[in-house]
Amino acid sequence: MGIGYGGKTLRELLEYSEKIYQETGHYWGLKSLPLYEKDPLTWERLIYRLRAIVVLARELALHIAASPIARYIGETCTVLYTPEGDAIVHSTGILVHVHTMSEGIKWMIRMNYEENPGIKDGDHFVGNDPVLGNVHTTDVHTLTPIFYKDMLIGWVGTVIHQVDIGGNSPGHDIITATQRFEDGFYAEEELVYRDGKMFPHYYERSRRSVRTPLFYDLDDKSRIAANEIVKREVLRIVEEIGVDNYMELIREAIEKSRRDFISRVKERLIPGRYRSVTWNALNVIKEAWQPFAREDYLHAAPLEITVNEDGTLFVDLKGNSPSGWHFSNGGISPLMGGFWVTMTQLLGYSELINEGFVRAVKFNVPPKSWVGDTNPIYSRSVPWWLLIPQMSGLHKMVAYGAFARGYVEEGSAGNTGTWDAPQGGGFTDGTTGDPPNIYFPIATFELSSQGLGANAVRDGLDWGHAMWNPEADMGDVEEWERNQRGFIYLARRIKKNIAGYGKFRGGASFEHIAVFYGSKDSILYNNSSSRVFIEHGLNGGYPPLAGQYSLMAYETNITELFKEKKPYPLGDDPNEPEMEKYISGLIERLDYSSIYPREFKSNDIVHFKQCGGPGWGDPLDRPLDKCEDDLNMGIYSPEIMEKVFGIIAKYDEEKGRWIVDEEASKKKREELRKIRMQKSIDFAQFYKEERSILLEGKLVRPVAKYYMEQKEVSPDWFKEFLDFWRLPEDFSIPIQGKREYIRVMSEWHSLYLESYKKYLESKGYDLSKIRYLKYEDVGILR
Amino acid sequence: MNEEEKVKRVEQRIQLLERLLQAKSPIDEVFRVIAGDKEDPEIAFDAIIEYFQRKVNWKEKILLPINDHLFIVCKDGKPIVKAACGYEFGDFRVNWKVFCKIRVRRNTEDYLEIYPWWQHAHPYFMELREYYCPGCYKLLATEAVPIGHPVVFEFLPDIVTFYEKWLKRPFPCGKVEFKDLTNEYIKNSIKI
């Protein structure tokens, strides 16, 4: 006799549910929806009562307990599940976890938790392993069974993103981790609470494993509070309508969602094949702490989606990069979570969304890819690294499909990367009034407010989008400063020239300057895309100008500038940099994000920034009035406006604004069109040139490795690659040795830096007070 | 919905498309269109076809818009890609990018022509391809890929299934098999 509905075990119920779906194509074999068809209004009212319960529980729980990251930024979500772990209704918040917690429940059922350790009324289970059901370790969830008269009738799960989860460096995205053992605290759907008491071993282990135990404690309580509220309120509905009706209702809710998804696909998309390519690059060959992890990577995350005749989707991940000794390994659960949260916003935003959505999608995941490899030894602290770019493909698919259907306002050119994320921590030194030796975390959350991609009718949303949380919110800077005591903001402003160019431009974003002050033994590292555009725009729109570079200044004169009331840097337009203008000291400008921590002392300065969104359409078609607005808002510099958009404008001192010269701009646009004619080539010439570069093997180590890895990870992708270029079956590209590769990259950085210095000097900059850190000294000397 | 009502709504939608696609809509209208109830799928589709059909100076029937410059049209009984400016690209099952003029940025100088210092991809890691319409040199696509990556065929519609199974209308052109013909085209047209 099991604890599930009808005396079945949970495993029996799960297996039956999967079997009947395979046989019939309907959730629980529901070819019709009797309750809905009989009384749709009552049906809708009950479902929305359930939905209101999870929304209410989340909001209430945040005010019972919760860390600032949950309370002020909303990094949390509460979901109601069936006994087999299928989502029914969810709250607002980080919806990526609606499906990941589902995977966690199913893992518990398959592992036969019903027998050992047993599942009882009042139990709470805690988990955060991405292979079992999560995205990354910092998202910790609590799963709670709901019993009605000794029968398990469902689950409720609440997840909260932690400020810190332990690991080999501080922060919420541990990008220095390469193995599981560096990821920090792990819980494997662990029974932590029974008979009204939390187990002391869990209590002590969890709090001692993280750098911010008070926040962990608050969030643990908040999750339990949310789940208890949901339990109580769901049982009231069960009492009201009867348990049989409740079970029928929740199954119909999922089948209806599946049908709605298919109807929506048939209404908004076109059957056929959609392809997108997205990238990231990780450059740690000189800095990784573990010897085996010293490598530079070009990571690929392409997506091919086939919209079938019946409205279902087939998602193919061929061509994706392999797993490895870095932080960005993933799993099926993160993939499905990412897919879920994106589709929820793109196709299912106005209706009941739950497991039914997922049932309409099938995946092909190469087992050796960063998604398919289940080897637990790899770090999984930030699968977002590739998941975020990858899900841009869904935006592009909807943009193509919906445009062709006449819904030109739908979809976008992409969701861009949610970086840059400076992380770290330090100790107060007592000079600012804070007691000395107090640990402070650095975990700024501006990364949750990026620029969205543009589409056929609008610019991208400015500083207001995060792929993983539809309620993107960076929180109050004052709130962060209260926590980050020795890391003080000097400025936050619009980052010029970060939005992808286009007829409709990508969303813009912010940049920030902060100074270490009153602090000691501080470290900080930043996490951003490096050396690549993570995606391109659509229909002539350009890629977003992500934060491909790092900028830090050490041993600066900032205190003297304050004392003398002189200007100090408020941001960084590299073509007119304020850092070099005002600051003396050692400047580290790198063409990649730091990833590994640097040591910072008082008076050291850090610049960080968010990404812009990709653009849509030819920038030469951007209406002049919009270009004028861009100039006056500081979205683009006049230089970029002229070079890319063909805009000639003058600053009117009297009016205090930029005015576009229409005639001169029309002429400039014609000039740029002529340059296009002069500098472009036929496809045949392009084809031969690219092919000969491949045949000559003239590719740097990460690029050559990317192609050759596919031979093993995705043989079908590799065959397509060979077919396209008509290359022999035994084709291979030589891979540079590490020493030679580092030499080549050092040489490039050195030449680039020298050219940059000459450029600045030609603009009148005095660089005599500046020293630049050279690439060959990175990771060795300051 | 009677025929008169349908015609009226298609006309209203065409006017809306003009405002939206020409960036003439005030932002509150754009927001209402995005967030409000969606137009009936048949009206939305008929309107976008008619909108573009009225815009272009040629007579071929538009079967499906790919974007605001490229359309799958019926030419001599075969579905091909044709540009608003009149340039004809070929069978829609061949990636239209292979008929384009292409500029490739794969060195620092070319990147700095349009990007600020430090804010472009590394030329050893990635190139930026710009695909122009050979008829009017409008920029039709950008592609950010490592050197040697195959040209990306982003959208290959199964147009016959769409008309016959989803719209439940006869396909108004010669039926073709749903298939990617790009490699075949390259093989037959470029000698190596």
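Calculated from the alpha-carbon coordinates, the range A:1-88 shows an Rg and a Dmax of 17.4, 47 Å respectively. Here is the short version for chain B: B:C100, B:C133 have no other Cys C-beta closer than 4.7 Å. Shielding by partners for peptide B:65-72, expressed as the average number of C-beta atoms from other protein chains within 10 Å of each residue's C-beta, is 5. Dividing the C-alpha radius of gyration of the range A:423-465 by 2.2 N^0.38 Å, with N its residue count, gives 2.02.
What a 1.4 Å probe finds exposed on the range A:522-594 is 52% carbon and sulfur by accessible area, rounded to a whole percent. The simple spin-label model puts a point 7 Å past each Cα toward its Cβ; for A:E754 and B:D37 those points are separated by 6.9 nm. For A:R194, nonlocal amide neighbours, meaning residues 5 or more places apart or on other chains whose placed amide H falls under 5 Å from its own, are A:F199.
Hey, how many Å between the Cα centroid of the range B:88-146 and the Cα centroid of the range A:297-368? Here the two parts' Cα centres lie 27 Å apart. Around the amide H of A:S519, modelled in the peptide plane, lie the amide H atoms of A:D429, A:S602, all under 5 Å away and 5 or more residues distant in sequence or on another chain. Checking the cross-link pairs A:K318/A:K705; B:K97/B:K187; B:K59/B:K97; A:K581/A:K626; A:K19/A:K106 against a 20 Å limit on the alpha carbon distance flags B:K59/B:K97; A:K581/A:K626 as lying beyond it. Within a straight-line Cα-Cα reach of under 12 Å, B:K38 can be paired with the following aspartates and glutamates, leaving aside sequence neighbours fewer than 8 residues apart in one chain: A:E267, A:E409, A:E410. Among the protein heavy atoms, those of B:C136 account for about 50 Å² of accessible surface (1.4 Å probe, every chain in place).
Scaling the Cα radius of gyration of the range A:683-736 by the globular reference 2.2 N^0.38 Å produces a ratio of 1.09.
Could you tell me whether chain B comes out rounded, prolate or oblate from its Cα gyration tensor? Rule is a ≥ b ≥ c as square roots of the eigenvalues, rounded for a/c under 1.5, then prolate if a/b exceeds b/c, otherwise oblate. Oblate, since a/c reaches 1.5 and b/c is not below a/b. Under conditions of 25 °C and 0.890 mPa s, the range A:316-450 yields 139 µm² s⁻¹ as its translational diffusion coefficient, taking Rh as the Kirkwood radius over Cα pairs in the Stokes-Einstein equation.
The range B:134-189: which GluC sites (Glu not before Pro) are DSSP loop and have at most 15 other beta-carbon atoms within 10 angstrom?
On the way: sites: B:E143, B:E154, B:E164, B:E177, B:E184; in loops: B:E154, B:E177.
Counting only loop positions with at most 15 other Cβ atoms within 10 Å, the GluC sites (Glu not before Pro) in the range B:134-189 are B:E177.
Given the rule -39500 (n - 2.57) for each run of at least 4 DSSP H residues, summed and divided by the residues of the protein assembly as shown, what is its mean residue ellipticity at 222 nm, to the nearest 500 deg cm²/dmol? Kindly include the intermediate steps, with their values, before the conclusion.
On the way: 27 runs with 346 residues, N = 974.
So the calculated ellipticity at 222 nm is -11000 deg cm²/dmol.
For the residue pairs A:K503/B:K55; A:K565/A:K757; A:K758/B:K101; B:K8/B:K61, alpha carbon separations beyond 25 Å are given by A:K565/A:K757; A:K758/B:K101.
Given H placed on each backbone N at 1.01 Å, which residues far from B:L64 in sequence or on other chains put an amide H within less than 5 Å of it? Amide H neighbours of B:L64: B:I72. Taken about its Cα centre, chain B carries a charge dipole of about 520 debye when Lys and Arg each add +1 at the Cβ and Asp and Glu each add -1 at the Cβ. Students often get this wrong: which residues of the range A:438-471 have the backbone nitrogen under 20 Å from the point 7 angstrom along Cα-to-C-beta of A:T559? What the label zone holds, given the 20 Å backbone N cut-off, is A:438.
Going through the range A:727-782, which GluC sites (Glu not before Pro) have at most 15 other Cβ atoms within 10 Å and a DSSP loop state? Mind showing how you got there, number by number?
On the way: sites: A:E729, A:E740, A:E747, A:E754, A:E761, A:E776; in loops: A:E729.
Sparse-neighbourhood loop GluC sites (Glu not before Pro): A:E729.
Find the lysine pairs in the range A:171-285 meeting two conditions, Cα atoms under 28 Å apart and a separation of 8 or more places or different chains, and report how many there are.
On the way: A:K197/A:K221; A:K197/A:K231; A:K221/A:K231; A:K231/A:K256; A:K256/A:K266.
Count of close lysine pairs: 5.
Quick one: of A:K668/B:K24; A:K688/A:K774; A:K674/B:K75; B:K138/B:K165, which pairs are farther than 27 Å apart, Cα to Cα? All intermediate terms of the calculation are to be shown ahead of the outcome.
Numbers: A:K668/B:K24 23 Å; A:K688/A:K774 37 Å; A:K674/B:K75 30 Å; B:K138/B:K165 34 Å.
A:K688/A:K774; A:K674/B:K75; B:K138/B:K165, as the Cα separations exceed 27 Å there.
Quarter the surface of the alpha carbon convex hull of the protein assembly as shown and you get the mean projected area, 40.1 square nanometres. Across every pair of non-identical alpha carbons in the range B:95-192, the mean reciprocal distance, once inverted, gives a Kirkwood radius of 16.3 Å. Which whole-angstrom value gives the distance between the alpha carbon centres of the range A:246-285 and the range B:17-87? A separation of 25 Å, based on Cα centres.
Counting only protein heavy atoms and using a 1.4 Å probe, the accessible area of A:T76 comes to about 0 Å². Across the range B:22-30, computed HN-Hα scalar couplings (Karplus, 6.51 cos²θ - 1.76 cosθ + 1.60, θ = phi - 60°) run 8, 6, 9, 6, x, 4, 5, 5, 4 Hz from first to last residue, x flagging Gly and Pro.
The values are calculated or read from the model by the stated rules, or taken from the named source; none is laboratory data. Note that this is a predicted model, so its numbers are computed, not measured. For neighbour counting, all protein chains shown are included, and Cβ atoms are generated from backbone atoms with ideal geometry for every residue, glycine included. SASA here: full protein model, heavy atoms, side chains in, ligands and nucleic acids out. Shrake-Rupley method; radii C 1.70, N 1.55, O 1.52, S 1.80 Å.
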